[in-house]
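Colleague: Below you'll find the structure I mean.
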Amino acid sequence: MDEHDLQETYRDIMGILEHSGLDWLIAEVNQHVAMEKIVEEKHPGYKEVLSETQDNVRTIKRGRLSSVTIAQPYNARERLELLLSAIEQALIQSASVSRAAADFFVEQSQKNPNLSPTVIFDASQPGDIETDDRERTMPSRDNVEAHQAAAETLQGIIDRVRREMRDVRAS
Amino acid sequence: MSALLDELKDALGATITAMSLTDASSLSDQYEAYIFGLIIGAAERQGASVWYEDVNGNRATYFCFRTSPGYIYSRRLPYTHAVIEFEGKPTLEVHMGVRFLGKSGVAHECDLSVLPRSVAQQCRDVCAIPRHDDLLMAIECKYYVESRISLFLARAFLGLQTELRKRETFFVSNIETGNAGKVLARHASDSRYEGIVPDDENQMLLMRAAFERVFDNFKVSYRNLEIEP
């Protein structure tokens, strides 16, 4: 994949995310890309010296190499990698987190009589009057298993996209 | 590549449908729930009995957690907390999304917190905010989809840690934290736990061991409860 292919693939995947309603994920990736990367580079330092021959004449001369920290834009390959990584965190890694959490609540409900493994998250803010639409339920174990199966397929495809990126770079 | 992108589109659609994900907060909720489970697991491994109650003192029939900062006495919903009991020691409670008064007198949210039941009960009875020195442990949880955690989160955590209990306030995240991690490694190295996810068992065990250490210290340092004649 050359620079143009990488940019095109990035745009295509962003389009897919937008089509899938994952605007918040796009926003997070865009924010990260806009922040640029922080890198350290070695550059010649400068030092101020007084002339030995002329009184009070100061000059700036190049000195030893020293580390400087600079912000650099991500290149096309890095941007695509950031995007794939964000998809992995949000959609794939979250499957194992959901699974572990769901297993925990099922286990606790088995230990505690009359305790259902249902988990409700109250997303209302202080001062909200209506709260019904602000409650989120944690996925059930069945949902989590479906998520995990879909996530495994998705991981396989992302791995193939990465291979394509790598193969072309190697060739 | 075009065929691969078509497959990616289908797979993304299938995953999103399966997980019914609405926004990034859903991920954070589930991550906090996962870490909540690690705390309970650590307490159980240290020999605690655990059960669940709501804010009214009734045995919980389901789990109800806050996702935005709230007060421990709020009865708007039957918010759940865990009750942890070590034999002969003061009983503890584990809460999600409760505010504590920092050293400056400002109230801060703790994603997860552990405090003595006696303090929690008093706060519920008189609608008070628990204080930083009531905390046995506080945990800041961050589930991030970016590959690096923003620096401001590290700064915010250091501020929170200064306001609460330095040694027992943990920063827990699902990913390596880049520059933010460097800041935390420098100023809060014992409190920084990165890459805590179920797929990385080593990291998960490290985290659980840290929670166990807090409970173990609690058992050792607290006197046995007085027995009434």
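No value in this document is a laboratory result; all are computed from the given coordinates. Predicted model only: the values in this text are computed from it and were never measured. FYI the Cβ positions are ideal-geometry reconstructions off the backbone, even for glycines, and counts take in every protein chain you see.
Colleague: Can you give the charge dipole size of chain A about its Cα centre, rounded to the nearest 20 debye, using +1 on the beta carbon of Lys and Arg and -1 on the beta carbon of Asp and Glu?
Modeller: Approximately 1000 debye in magnitude.
Colleague: Right, another one. Any idea how far the Cα center of region B:111-168 sits from the one of region A:149-165, in Å?
Modeller: For region B:111-168 versus region A:149-165, the Cα centre distance is 38 Å.
Colleague: Of the options B:Val214, A:Ala146, A:Val97, report the single residue whose Cα projects farthest towards the positive end of the charge dipole of the protein assembly as shown (beta-carbon charges: Lys, Arg +1; Asp, Glu -1).
Modeller: B:Val214
Colleague: Amide H of B:Ala107 versus every other amide H placed in the peptide plane: which residues, excluding those fewer than 5 positions away on the same chain, fall under 5 Å?
Modeller: Sorted by chain and number, the residues that satisfy this are B:Gly102.
Colleague: Could you list B:Ser191, A:Ser20 in order of exposure, starting from the residue whose Cβ has the fewest other Cβ atoms within 10 Å?
Modeller: A:Ser20, B:Ser191
Colleague: Let me ask something else about it. Quantify how strongly other chains surround peptide B:60-71 by giving the mean number of their Cβ atoms within 10 Å of each of its Cβ atoms.
Modeller: The mean count of partner-chain Cβ atoms within 10 Å per residue comes to 6.
Colleague: If you put +1 on each Lys and Arg Cβ and -1 on each Asp and Glu Cβ, how big is the dipole of chain B around its Cα centre, in Debye rounded to 20?
Modeller: 820 debye
Colleague: Counting other beta carbons within 10 Å of each residue's own, what order do B:Tyr73, B:Tyr34 fall into, fewest first?
Modeller: If I rank by nearby Cβ atoms, fewest first, I get B:Tyr73, B:Tyr34.
Colleague: Evaluate the charge dipole of region B:104-222 about its Cα centre and quote only its size in Debye, nearest 20, assuming +1 on the Cβ of each Lys and Arg and -1 on the Cβ of each Asp and Glu.
Modeller: 360 debye
Colleague: Which one of B:Leu38, B:Gln122, B:Ala11 has its Cα pushed farthest toward the positive end of the charge dipole of chain B, where Lys and Arg give +1 and Asp and Glu give -1 at the Cβ?
Modeller: Result: B:Gln122.
Colleague: Right, here's the next one. Please name whichever of B:Val106, B:Ser49, B:Ala138 sits farthest to the positive end of the charge dipole of chain B, dipole taken about the Cα centre and charges placed at Cβ: Lys and Arg +1, Asp and Glu -1.
Modeller: B:Val106
Colleague: For B:Thr80, B:Thr15, A:Thr69, what's the fewest-to-most ordering of other Cβ within 10 Å of each Cβ?
Modeller: A:Thr69, B:Thr80, B:Thr15
Colleague: Now, a different point. How high is the relative contact order of region B:142-214, in percent, with contacts defined as C-alpha pairs under 8 Å that are six or more residues apart?
Modeller: It rounds to 32 percent for region B:142-214.
Colleague: Oh, and also: With every atom except the alpha carbons ignored, what do you get for Rg and Dmax of the protein assembly as shown, in angstroms?
Modeller: 24.9, 95
Colleague: Normalised by the residues of chain B, what does the relative contact order come to in percent, with Cα pairs under 8 Å and at least six apart?
Modeller: 17 percent
Colleague: If you don't mind, there's one more thing I want to ask. Please give the direction-averaged projected area of the C-alpha convex hull for chain A, in square nanometres with one decimal.
Modeller: 20.3 nm²
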